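The values are calculated or read from the model by the stated rules, or taken from the named source; none is laboratory data. Values in this document were obtained by computation on a predicted structure and should not be read as measured data. In this analysis, Cβ positions are derived from the backbone assuming ideal geometry, glycine residues included, and neighbour counts consider all displayed protein chains. What goes into the accessible areas is simple: the full protein's heavy atoms, side chains included, and nothing from ligands, DNA or RNA. Shrake-Rupley method; radii C 1.70, N 1.55, O 1.52, S 1.80 Å.
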Amino acid sequence: MLTRVKSAVAGFMGGIMAGGSSGSGGNPGSELPLKFPYMRPDFLGLSPDEIECSADHIARPILILKETRRLPWATGYAEVINAGKSALNEDQACCEVVVARRRPMSYCPPSTPTKTPTAKRRNSLPNGEGLGLRMEHSTLGEESEGLVFHYWALFDGHAGSGAAVVASRLLQHHIACQLQAVIEILRNLASPPPTVLGEEPDCNPYLQGNTPHRALTRAASLRGATGAPGSPCSTPPPPRFFTEKKIQHESLVIGAIENAFKEMDAQIEREKQVFNITGGCTALTVVYLLGKLFVGNAGDSRAIIIRNNEIIPMSTEFTPESERQRLQFLGFMQPHLLGNEFTHLEFPRRVQRKEVGKRMLYRDFTMNGWAYKTIEDEDLKFPLIYGEGKKARVLATIGVTRGLGDHDLKVHDSNIFIKPFLSCCPEVKVYNLTHYEHGADDVLVMGTDGLWDVLSNQEVAEAVTAFLANCDPDDLHRYTMAAQDLVMRARGILRDRGWRITNERLGSGDDISVFIIPLMYGNRQP
């Protein structure tokens, strides 16, 4: 086992196992066709030759929007390929204005979880064509047939770019499908969402305060009194009092995003049977709807808002360390997932056989602190979570704990699947744009981990604020130039000892992708 783990860890120091080096973005050993070909974001408008030139691991050119192109809200974007970790840039990005249509969408996934075995499920999103409507600002206005939302997303692939490419093409349409079921509710903000579709809110006579009838006491109900459940009397029972939780409209949007992530992950799993979809990816999305930004994150990318020199974190990174207790609890409840080779307990270091019988520091899923336990033979197994910081791994294999894909990922040279420990569920945070009057320098910064590995929130905020302060406020290209400057700061300059940034620190050798979204445009939306 130890040799196996050492081999696995060595394979992950520069990325997640072999498989990310295929020039087509797929598994070179697979005979299955690609779901979508490898590409760079559509909005960059790159030709095949330009895409090939961008994959230079020595020069690492920074790609930005062409001056003739514009993104919604004058959003800025820049990216750079890694320093040789994988042949392709495994990051993907998407920025669109999408319409969730009122009319039924036959291609939409079911609105409730399906119990149909994976192998028997039909593809609910056939090819990605016609799944939503991209619109230019000039055609938006009052969209009478649907609900318009703005969408930005970053996907950081690993073990190949396949899952990231598929998610960048389809996740927004899953969100549209989920919103389609609640369009009328979201359009009527004056009324709270009904608990049961088709019922008018507050019209249920069984709600507390809606009826003058006396409710049965619990004791009378248990005795089988007249009108109680199970009572032989046919007299209609008087209504019982109960309270009903009030649900806000924004909760429906959060639920739609959460279900869209789950449906996207399920689609990747289904279609791996017929398409060559490699690896997995983290996902960071921003949806603008109802005057609010909904930031959904599954993985270790990050989003922050910079407002009047204040930094507001809008996401949480999901890593083996941040999700230790969830992972340990799963290993405790379902020990078969550990394959009799791992222990769910955490120790400060690997336990040695000579320490059996001694008392050593440990912690389990119930603990934030540490305590001592007597070491047993079971504790000699490899820890479920091992390492610190960026070197922390789940099952000695993967350094992120949420994302899409990875359904076939196993512990090296074993039949232990990693996927049960990886969650596709995002955390969604909400920022209400209408509560503030934003200036031209107030922005939301989205970046993959290649940015945040070398720059802190404070360093990013200072860099963006200083750059924008020196730009013409009326120059719509300023946000793209700020994104380019940020990527350049994280990549650094190639020197004799590798890529270096400020104070001779090591620059990022990872793929880096950055959106800078000006918030003032949200205040101008109808």
Screening His344, His336 for residues that are open to solvent by 20 Å² or more (accessible area, probe 1.4 Å) and closer than 30 Å to Thr448 by Cα leaves only His344
Mind checking whether some residue in region 396-408 is farther than 27 Å from Ala153 by Cβ and modelled with pLDDT under 95? yes
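Scan region 423-432 for residues that are outside any strand (DSSP E or B) and surrounded by fewer than 22 Cβ atoms within 10 Å (Cβ to Cβ) and jot them down. Break it down into steps so the answer makes sense when it comes.
At the first step, the residues of region 423-432 found to be outside any strand (DSSP E or B) are 424-426.
Cys425 - this is the single residue of region 423-432 that is outside any strand (DSSP E or B) and surrounded by fewer than 22 Cβ atoms within 10 Å (Cβ to Cβ).
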Note on region 381-400: residues assigned to a loop (DSSP other than H, G, I, E, B) and open to solvent by 10 Å² or more (accessible area, probe 1.4 Å) are Lys381, Gly387, Glu388, Gly399, Val400
Which numbered condition Arg349 fails, given (1) open to solvent by 50 Å² or more (accessible area, probe 1.4 Å); (2) out of contact with any Ser or Thr (no Cβ under 8 Å at 6 or more places or on another chain); (3) at pLDDT 95 or above; (4) among the charged types (D, E, K, R): (3)
Please state which one of Glu355, Glu378 is open to solvent by 20 Å² or more (accessible area, probe 1.4 Å), charged (D, E, K, R) and free of Cβ contacts under 8 Å to residues at least 24 places away in the same chain. Glu355
Yes/no for Ile257 being open to solvent by less than 10 Å² (accessible area, probe 1.4 Å), among the β-branched types (Val, Ile, Thr) and under 21 Å from Pro192 (Cα atoms): yes
Hits in region 401-422 (condition: open to solvent by 20 Å² or more (accessible area, probe 1.4 Å) and in contact with a Phe, Trp or Tyr (Cβ under 6 Å, 6 or more places away or on another chain)): Arg402, Lys410
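Just the residues that are in a loop (DSSP other than H, G, I, E, B) and open to solvent by less than 30 Å² (accessible area, probe 1.4 Å), please, taken from region 441-453.
Of the residues in region 441-453, the ones in a loop (DSSP other than H, G, I, E, B) are 441-442, 448, 453.
The answer is Asp442, Thr448.
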Among residues belonging to region 483-526 that are under 25 Å from Leu44 (Cα atoms) and among the hydroxyl-bearing types (Ser, Thr, Tyr), point out the one that is surrounded by the most Cβ atoms within 10 Å (Cβ to Cβ). Ser513
Out of the residues in region 312-324 that are surrounded by fewer than 17 Cβ atoms within 10 Å (Cβ to Cβ) and closer than 23 Å to Ala466 by Cα, state the one that is nearest to the chain's Cα centre (by Cα). Pro313
Suppose the filter is farther than 30 Å from Glu269 by Cβ, in contact with a strand residue (DSSP E or B) (Cβ under 9 Å, 6 or more places away or on another chain), of a type in the set (Ser, Thr, Tyr) and surrounded by 19 or more Cβ atoms within 10 Å (Cβ to Cβ); does Thr480 pass it? yes
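Take Glu129 and decide whether it is over 21 Å from Gln172 (Cβ atoms) and modelled with pLDDT under 90. I'd like the intermediate steps shown before the answer.
Numbers: over 21 Å from Gln172 (Cβ atoms): no; modelled with pLDDT under 90: yes.
Answer is no for this residue.
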If I filter region 58-91 down to residues being over 17 Å from Asp156 (Cβ atoms), assigned to a loop (DSSP other than H, G, I, E, B) and β-branched (Val, Ile, Thr), which single residue comes out as least open to solvent (accessible area, probe 1.4 Å)? Thr75
Residues of region 244-253 that turn out to be open to solvent by 30 Å² or more (accessible area, probe 1.4 Å) and assigned to a helix (DSSP H, G or I), as a count: 3
Can you spot a residue in region 369-389 that is small (Gly, Ala, Ser), touching a strand residue (DSSP E or B) at 6+ places or on another chain (Cβ under 8 Å) and under 22 Å from Pro420 (Cα atoms)? yes
If we scan region 454-474, do we find a residue that is under 15 Å from Glu79 (Cβ atoms) and either assigned to a strand (DSSP E or B) or not hydrophobic (A, V, I, L, M, F, W, C) (or both)? no
